[in-house]
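The values are calculated or read from the model by the stated rules, or taken from the named source; none is laboratory data. Keep in mind the model is a prediction, meaning the values are calculated, not measured. All Cβ positions, even for glycine, are placed from backbone atoms using ideal geometry, and neighbour counts span all protein chains on display. With ligands, DNA and RNA removed, areas are computed over all heavy atoms of the protein, side chains included. Shrake-Rupley method; radii C 1.70, N 1.55, O 1.52, S 1.80 Å.
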Amino acid sequence: MKITDVEAIPFAIPYRKPLKFASGEVHAAEHVLVRVRTDDGVVGVAEAPPRPFTYGETQTGIVAVIEQIFAPQVVGLSLLEREVVAQRLGRTVGNPTAKAALDMAIWDALGRSLDLQVTELLGGYTDRMRVSHMLGFDEPAAMVAEAERMRDRYGITTFKVKVGRRPVSLDTAVVRALREGLGDGVDLYVDGNRGWTAAESARAMQEMRDLGLLFAEELCPADDVLGRRWLVAQLDVPFIADESAVTQADVTREILGGSATAVSIKTARTGFTGSQRTHHLAEGLGLEVVMGNQIDGQVGSMCTVAFGSAFKLTSHRAGELSNYLDMSDDLLTEPLDITDGELVIRPGAGLGIEIDPDKLARYRQDV
């Protein structure tokens, strides 16, 4: 079970429409497929979605750091030496999604080698998660129509609403329209991607106080330390640390400093190994946890559900698992299927997914 080769393959798949949020917008999934091969002929896969507006990574940068720095450090190691892998990757600053994808591809290869599901290796709590769908910036009527379509077609009843525009009434009107249009049978929460000031965030949350929101996420910048503490202290819903809490040290700082009261775990930026650590920390601190999405494709979404379903805490809330529906195509031989508002893990070993070679050839960017 020794690693013999690591590949980083850039690919691009257009979105059906641009995804817009406070920190930027994207028109295509310009991601990187990471493949790990072993001396037993096993191949593990994962997906790295660069988010330059958030973490400073680009597709080209992810390919370069994996091929030039990370691959030489892990080739020759056993799939079981995950702590050694983490230590070696940790010597390089930043590059969270590149590290995460390599880590998850190793876990996938380990599961395939042992003929076990990744979910079983991690914890094996359940085999499914409820799905939350992200609604990007648009007019209120269009966002209500999208939510209704997701509810009627896929059974999704939890929605994460992107906010952070100015004036704040643009977004509070949208959330109100969603509540009035969808009724009390759906769960709503908001994500500002650090777009508002603390004062704007407080005003917006006051305007939405009667709408029964589940959470508020990253409404204002984390580096506004005093403003953020002031905001969080007056909210009556959990405040989720997301971009501000990439590492376990970040989570500890944000929570103990009073700048957040919940955390988003994204396997796309902490892999399975780092996400385990964040989960255990959150469990010990008694935090609410949401499984977030890095606008992943289907490979990344399956990684999220594989991890989220492994633990009671992470499977308690609906996970952000449906962003791949905004893509015009994907790489899997058998597409994911959201049914009755749930996404179920695949029955095969590892992540239970296979890459379609023809689709990869069509969308890859390095040939």
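Fully extending the segment from Glu148 to Glu283, taken as 0.36 nm per residue of separation minus the present Cα-Cα distance, adds 45.2 nm. For region 197-317, carbon and sulfur atoms together expose 55% of the accessible surface, with a 1.4 angstrom probe and every protein chain in place.
Taking all Cα pairs closer than 8 Å and separated by 6 or more residues, the relative contact order of the chain comes to 21 percent.
Dipole orientation for the chain: of the candidates Ala141, Pro72, Gln117, Pro72 has the Cα lying most toward the positive pole (charges on Cβ; Lys, Arg +1; Asp, Glu -1). Using a Gaussian network model on the chain with a 10 Å cutoff between Cα atoms, which of Asp329, Asp138, Asp40 fluctuates the most? Between Asp329, Asp138, Asp40, it is Asp40 that shows the largest mean-square fluctuation.
Is the chain best put as rounded, prolate or oblate by its Cα gyration tensor, with a ≥ b ≥ c the root eigenvalues, rounded for a/c under 1.5, and otherwise prolate when a/b is larger than b/c, oblate when not? Cα axes put the chain in the prolate bin.
Of the residues Gln276, Gln298, Gln73, the one that moves most in a GNM of the chain with alpha-carbon contacts below 10 Å is Gln73. Is it possible to state the helix-based mean residue ellipticity at 222 nm for the chain, with each DSSP H run of 4+ residues giving -39500 (n - 2.57), the sum divided by total residues, to the nearest 500 deg cm²/dmol? What is it? Calculated from helices alone, the mean residue ellipticity at 222 nm is -11500 deg cm²/dmol. Across Pro96, Pro14, Pro347, mean-square fluctuation computed from a Gaussian network of the chain (C-alpha pairs under 10 Å connected) peaks at Pro347.
Nearest 5 percent is fine: what portion of the DSSP beta bridges confined to the chain is antiparallel?
Just about 55 percent of them are antiparallel.
Can you bin every Cα-Cα distance in region 325-367 into 5 Å intervals starting at zero and give me the percent of pairs per bin, rounded to whole numbers? P(r) over region 325-367, rounded to whole percents: 5, 18, 22, 23, 17, 9, 3, 1.
Accessible area per residue, 1.4 Å probe, Å², for the chain: what's the number? Kindly include the intermediate steps, with their values, before the conclusion.
On the way: 13890 Å² over 367 residues.
So the chain comes to 38 Å² accessible per residue, rounded to a whole number.
Measuring nothing but protein heavy atoms, the accessible surface of region 1-137 at 1.4 Å probe radius is 50 percent carbon and sulfur. The reciprocal of the average 1/r between distinct C-alpha atoms defines the Kirkwood hydrodynamic radius, which for region 114-209 equals 14.9 Å.
Listed cross-link partners Lys17/Lys312; Lys17/Lys160; Lys2/Lys359; Lys99/Lys162 are compared with a 24 Å cut-off, the Cα-Cα value being larger for Lys17/Lys312; Lys2/Lys359; Lys99/Lys162.
Please give the charge dipole size of the chain, origin at the Cα centre, charges +1 on K and R Cβ atoms and -1 on D and E Cβ atoms. Round to the nearest 20 debye. Let's see the in-between values first.
Working: 38 positive and 53 negative charges, 122 e Å.
Here the size comes out at about 580 debye.
Coupling constants for region 27-35 follow from the phi torsions by the Karplus curve (6.51 cos²θ - 1.76 cosθ + 1.60, θ = phi - 60°), and in residue order they are 10, 8, 7, 8, 10, 10, 8, 10, 10 Hz; glycine and proline get x. For the pair region 280-343 / region 60-84, the C-alpha centres are spaced 25 Å from each other.
Axis of helix 198-207 versus longest Cα principal axis of the chain: the two differ by about 60°, to the nearest ten degrees.
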